[in-house]
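Peer 1: Please see the structure below; I have some questions.
Since every read-out is calculated from the coordinates, none of them should be taken as a lab result. No experiment lies behind these values; they were computed from the predicted model shown. Every residue, glycine as well, gets a Cβ built from its backbone with ideal geometry; the counts of neighbours run over all protein chains shown.
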């Protein structure tokens, strides 16, 4: 074998390996949606179980074509802010780059992975609004969040040329900001306009517990979701192929899958243990705490000491319950699954943690090292990028009468009224 | 560039290898149809919800 043949062989194998890696990460991420579906259906009362599931399926189904239509282009075109850069046609759906090409083995699988990130972001929002959002309104808002809002934030802070990265050294390798904070705050904005389910609050302001119909389904869903997140987190690393010889993080700095393995598992266990302790053994919060433990570690998932990731996870497990209670008591929202607390609050804490405990880590090229000010600016940007469109768009939809299921349909049950179905034979 | 249906039936010099790859008009058409399907289904679902809400009052 000549040197040239060897070079072709190595490059070909690296490209095929890269394709295969992201292909399977994408498949694993679909399991997140199995988990979200089971979790939310279980957390729903029996009369709305089918419509909850339909909503999850739609979040998945609508995200794929819309992310192909404009989501991927937004990610590539807006790293500088609100003015798109000239990509010479790359990334728009009527360009050949958005179809199979022999010279490009990367675009399809990267687009697929990002599409599943988008589906995940929309599904985070989904759980908060169950049992009283109109299905059509949800589908529209999911498209706005999944194919526009989060990916714009990703272009700014989860892209090697994003302005938050190149100007401020923002470091958020596993999307604590653009996915979890944006989705959590978007959900918060919508919840303020959507209002609680009928019967959630009494006239004196006290709350009623509207328990879901299957705790077992929610358990299995949450654990399934955690399995799927290994695909999500794995796809957050870049397989640099034969050019750079290994893994880099999304900003181009050296990284290892081992760092993700250490810190994901340690954060997960810390979150479960913290929530077990704080909730005095409530299994719903234990599982949610595990997720929160991963999300609080996400910003620095490539650089944490695993013991510290465990401590961060434990903090997340303890924080989510009082944060959720405060949000409910203060704003009278009805976040059925604690999404604002688990994703929004822990995403914010995750980004700030990098600034507080991991400042000075070198980045690639001319990107400034991680620093507290950069993390604060990134956190505020992500929070506002999620909250403002969520609040404003849902406010307009509320005024147009296109947001909330009427009270008499809620009382009768959405499944029977709108879908003419029942989840169970009674 | 190769395309199907089309004159070329060879992998020689091929890069984009999907249906109508050489016809930008067709790609724009399919893009528009995809967008219309997404939007149309959301509008149809919203109408159905409104009708159900009105008929169940």
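Peer 1: Whole Å is fine, so just give me how far the alpha carbon centre of the range A:175-249 lies from that of the range A:260-327.
Peer 2: Here the answer is 14 Å between Cα centres.
Peer 1: What is the mean number of Cβ atoms from other protein chains located within 10 Å of the Cβ atom of each residue in peptide B:36-42, rounded to a whole number?
Peer 2: 4
Peer 1: Further question on the same structure: Scattering from the C-alpha atoms of the range A:232-332 alone, worked out with Debye: what is log10 I(q)/I(0) at q = 0.11, 0.16, 0.21 1/Å?
Peer 2: Log-scaled intensity ratios, in q order: -0.38, -0.67, -0.91.
Peer 1: Quick check: from the Cα gyration tensor, does the range A:322-366 come out rounded (a/c under 1.5), prolate or oblate?
Peer 2: Numbers: a/c = 4.74, a/b = 3.19, b/c = 1.49.
Prolate, since a/c reaches 1.5 and a/b exceeds b/c.
Peer 1: Calculated from DSSP H runs of 4 or more alone, at -39500 (n - 2.57) each and per residue, what is the 222 nm mean residue ellipticity of chain A, nearest 500?
Peer 2: Taking each H run of at least 4 residues, the total per residue is -20000 deg cm²/dmol.
Peer 1: What nm value, rounded to one decimal, do you get for the distance between residue A:202 and residue A:411 when each label is placed 7 Å out toward the C-beta?
Peer 2: It works out to 1.9 nm between the two label points.
Peer 1: Sequence gap at least 6, Cα distance under 8 Å: using those rules, report the relative contact order of the range A:218-328 to the nearest whole percent.
Peer 2: Computed value for the range A:218-328: 26 percent relative contact order.
Peer 1: Starting with the highest mean, order A:333-340, A:45-52, A:254-261, A:226-233 by the number of other Cβ atoms within 10 Å, averaged over the residues of each peptide.
Peer 2: A:333-340, A:45-52, A:226-233, A:254-261
Peer 1: Further, regarding this structure: For every helix of n ≥ 4 consecutive DSSP H residues, a contribution of -39,500 (n - 2.57) applies; sum these over chain B, divide by its total residues, and give [θ] at 222 nm rounded to the nearest 500 deg cm²/dmol.
Peer 2: So the calculated ellipticity at 222 nm is -20500 deg cm²/dmol.
Peer 1: What distance in nm separates the simple spin-label points at residue A:6 and residue A:88, each placed 7 Å from Cα in the Cβ direction?
Peer 2: It is 3.3 nm.
Peer 1: Follow-up. Would you list A:213, A:343 from fewest to most Cβ contacts within 10 Å?
Peer 2: A:213, A:343
Peer 1: Just need the relative contact order of the range A:321-426 here, percent rounded to a whole number, with Cα pairs under 8 Å and 6+ apart.
Peer 2: Details: 56 pairs, mean separation 14.8, N = 106.
14 percent.
Peer 1: Another question, then. Quick one: order A:163, B:11 by neighbouring beta-carbon count within 10 Å, fewest to most.
Peer 2: B:11, A:163
Peer 1: By how many degrees, between 0 and 90 and to the nearest 10, does the Cα long axis of helix A:346-357 differ from the longest principal axis of chain A?
Peer 2: It works out to around 40 degrees.
Peer 1: While we're here: Over the residues of the protein assembly as shown, compute the C-alpha Rg and express it relative to 2.2 N^0.38 Å.
Peer 2: With N residues counted in the protein assembly as shown, Rg over 2.2 N^0.38 Å equals 0.99.
Peer 1: Between helix B:24-55 and chain B, what is the angle of the helix's C-alpha long axis to the longest principal axis, kept within 0 to 90° and rounded to the nearest 10?
Peer 2: 10
Peer 1: Shifting gears a bit: Shielding by partners for A:94-103, please: the mean number of other protein chain Cβ atoms within 10 Å of each residue's Cβ.
Peer 2: Working: counts 9, 4, 10, 1, 4, 7, 6, 7, 6, 3.
Mean number of neighbouring Cβ atoms from other chains: 6.
Peer 1: Summarise the partner chain shielding of A:413-422 as one whole number: the mean count of Cβ atoms from other chains within 10 Å of each residue's Cβ.
Peer 2: The mean count of partner-chain Cβ atoms within 10 Å per residue comes to 2.
Peer 1: Got a sec? How would A:385, A:330 order by Cβ neighbour count within 10 Å, fewest to most? Mind showing how you got there, number by number?
Peer 2: Numbers: A:385 23, A:330 8.
Placing the least packed residue first, the sequence is A:330, A:385.
Peer 1: Cα gyration tensor of the range A:25-164, axes a ≥ b ≥ c as square roots of the eigenvalues: rounded (a/c below 1.5), prolate (a/b > b/c) or oblate?
Peer 2: Prolate, since a/c reaches 1.5 and a/b exceeds b/c.
Peer 1: Relative contact order for the range A:1-112: what percent, with Cα pairs under 8 Å and sequence separation of 6 or more? Before the final figure, lay out each step's value.
Peer 2: Values: 61 pairs, mean separation 29.2, N = 112.
Reported as a whole number, the value is 26 percent.
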